[in-house]
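Note sheet for the following structure.
Read-outs: derived from the displayed coordinates by stated rules, not from any lab. Just so you know, these numbers come straight off a predicted model, no measurement behind them. No Cβ is skipped: glycine too gets one built from the backbone with ideal geometry, and neighbour counts run over all protein chains shown.
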There are 2 protein chains.
Amino acid sequence: MDKRKKILEAALKLFVALGFHGTPTSKIAQEAGVANGTLFHYFPTKDDLILGLYTDIKIRMTAFVNENAKPEDTFKATMKGQYLASLYWALDHKTEFSFKQQFHNSPFHLLLNQEEIEKQLKPHFDMLRKGIEDKIIKPLPVDYIHTLISSHTFGLNQYLTSNEFSTVKQHQLISDTFELLWDMIKEN
Amino acid sequence: MDKRKKILEAALKLFVALGFHGTPTSKIAQEAGVANGTLFHYFPTKDDLILGLYTDIKIRMTAFVNENAKPEDTFKATMKGQYLASLYWALDHKTEFSFKQQFHNSPFHLLLNQEEIEKQLKPHFDMLRKGIEDKIIKPLPVDYIHTLISSHTFGLNQYLTSNEFSTVKQHQLISDTFELLWDMIKEN
DNA sequence: CGGCGGGTTGACTAAATAGTCGGCAAATTT
DNA sequence: AAATTTGCCGACTATTTAGTCAACCCGCCG
């Protein structure tokens, strides 16, 4: 039941293991336990499938971060909340995270609507701008700060994924790393 | 002349534009102005070609960084030299950098020899360990520091690539960013 | 009951693809 | 000059692939 979901799950697993073009649609259908035609019923082309999978993951991740990162009283606490939430999501969804990474670093990311991306980023940028106005963080271009934060998140995630740590230690490391990041951008 | 080189150049260009499996060997041969069979004369399989291209780029990059980042008197200056060199290389070789990124984030990176990688990283790790011993930088795991630095480099590069800055401004930004990074890891 | 329609099937096809192979032409060696 | 090697060619093939389609199943409504 819910074959669309099964297809997406199978596609995720295989794309991460074999790459986009390395995975034939027939194998995806097989892995999903679904006929070949059914796949094309839900996703008219392979590109549609890849893009559909990306948006599905993106939506689920954004939902998680929004739920778990409620705005706190201070600017720093709000930022930390978001930082922690996205990192924990990535750790709990390694395959999804790996897919996202692969997608962003492939020519497929060109299929994305640039306007759409900016719209999604706007709240975050607004928050950073406010932090600058209030002289809490350094007056750097917001997209620059954003790039630094996200690559930082990505790096830490890679480190945590390639080493196996206890949950406690992991939490400690994430928290400490946020402090490093904060030192980097806070106004002195 | 030097068909091998022509093949590598064509492969680089097409892989970045179309993805690994999105690029047929026939198109690579055509773009290189070389017969189909010639490609397979130099690279018995497509995987060999991808791996060959990766090592070729890696070698050229390492050579550049080693030349341009001579050990300076202070620890910080040495580190800054390396940081600048790799960033300038990336900016001067955008396509190569993009390929490297795509390669690392694809299942192909599994073809790499893990031992080999560690051997290449050793000098860098040794340097960081010395910095810790001498109480110049914070006593964090060296592979952790390394991950933070490289993701940082990657992020900055992405930022510089997606915005067009003047050379002067670019240099300024790179230098400033190193200071941010340095503040993050230096012992207080 | 009979017919309607969305979801599902899997055999099928037209096109594309990685890799082969027999041979050629220009160096290099004898 | 003959023989051998080497790099190179491009037509060819066996296989794979994305996508099609006619038929089918089954719940639902008139």
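Among B:Phe99, B:Phe165, B:Phe178, which one shows the biggest mean-square fluctuation in a GNM of chain B, springs joining Cα atoms closer than 10 Å?
B:Phe165
Residue by residue, what Karplus-based ³J(HN,Hα) values in Hz, rounded to whole numbers, does region B:5-16 have, using 6.51, -1.76 and 1.60 with θ = phi - 60° and x for Gly and Pro?
The phi angles translate into 5, 4, 5, 4, 4, 5, 4, 4, 4, 6, 4, 5 Hz.
Output the pairs from B:Lys94/B:Lys186; B:Lys5/B:Lys70; A:Lys80/A:Lys130; A:Lys46/B:Lys46; B:Lys80/B:Lys119 with a Cα-Cα distance over 26 Å in this structure; if there are none, say none.
In this structure, B:Lys94/B:Lys186; B:Lys5/B:Lys70 lie more than 26 Å apart at Cα.
Among the residues of chain B, which one places its Cβ closest to the rotation axis that maps chain B onto chain A, and what is that distance in whole Å?
Per the Cβ-to-axis criterion, the result reads B:His21, 1.
Residue-wise, which Karplus ³J(HN,Hα) couplings in Hz belong to region B:143-149, taking 6.51 cos²θ - 1.76 cosθ + 1.60, θ = phi - 60°, and x for glycine or proline?
Along region B:143-149, the couplings run 5, 5, 4, 4, 4, 4, 5 Hz.
In terms of Cα to Cα distance under 17 Å, which aspartates and glutamates are near enough to A:Lys3, apart from those fewer than 8 places away along the same chain?
The qualifying aspartates and glutamates are A:Glu31, A:Asp48, A:Asp56.
Please report the relative contact order for region A:1-44, taking Cα pairs under 8 Å with a sequence separation of at least 6, and give it as a percent rounded to a whole number. Write down the numbers at each step before the final one.
Numbers: 29 pairs, mean separation 18.8, N = 44.
Taking the mean separation of contacting Cα pairs over the length of region A:1-44, I get 43 percent.
Using Cα springs under 10 Å in a Gaussian network model of chain A, which residue among A:Gln114, A:Gln102, A:Gln158 shows the largest mean-square fluctuation?
Most flexible of the set in this elastic network: A:Gln114.
Starting from region B:83-179, pick out the trypsin sites (Lys or Arg not before Pro) whose DSSP state is loop and whose Cβ has at most 14 other Cβ atoms within 10 Å.
Passing both the DSSP loop test and the Cβ count: B:Lys135.
Can you work out the base-10 log of I(q)/I(0) for chain B at q = 0.09 1/Å, using the Debye formula on its C-alpha atoms alone?
So the normalised log intensities are -0.40.
Along its principal axes, what span do the Cα atoms of the protein assembly as shown show, with the longest given first and each in whole Å?
Sorted from largest, the Cα extents of the protein assembly as shown read 59, 57, 42 Å.
Test of the criteria: in region A:37-136, which GluC sites (Glu not before Pro) are in a DSSP loop and have at most 14 other Cβ atoms within 10 angstrom of their Cβ?
A:Glu72
Calculate the translational D of region A:19-59 in whole µm² s⁻¹ from Stokes-Einstein, where the hydrodynamic radius comes from the Kirkwood formula applied to all Cα pairs, the temperature is 4 °C and the viscosity 1.567 mPa s.
Translational diffusion coefficient: 123 µm²/s.
Could you identify which residue out of B:Asn66, B:Asn163, B:Asn105 has the top mean-square fluctuation in a GNM of chain B using Cα springs shorter than 10 Å?
B:Asn163
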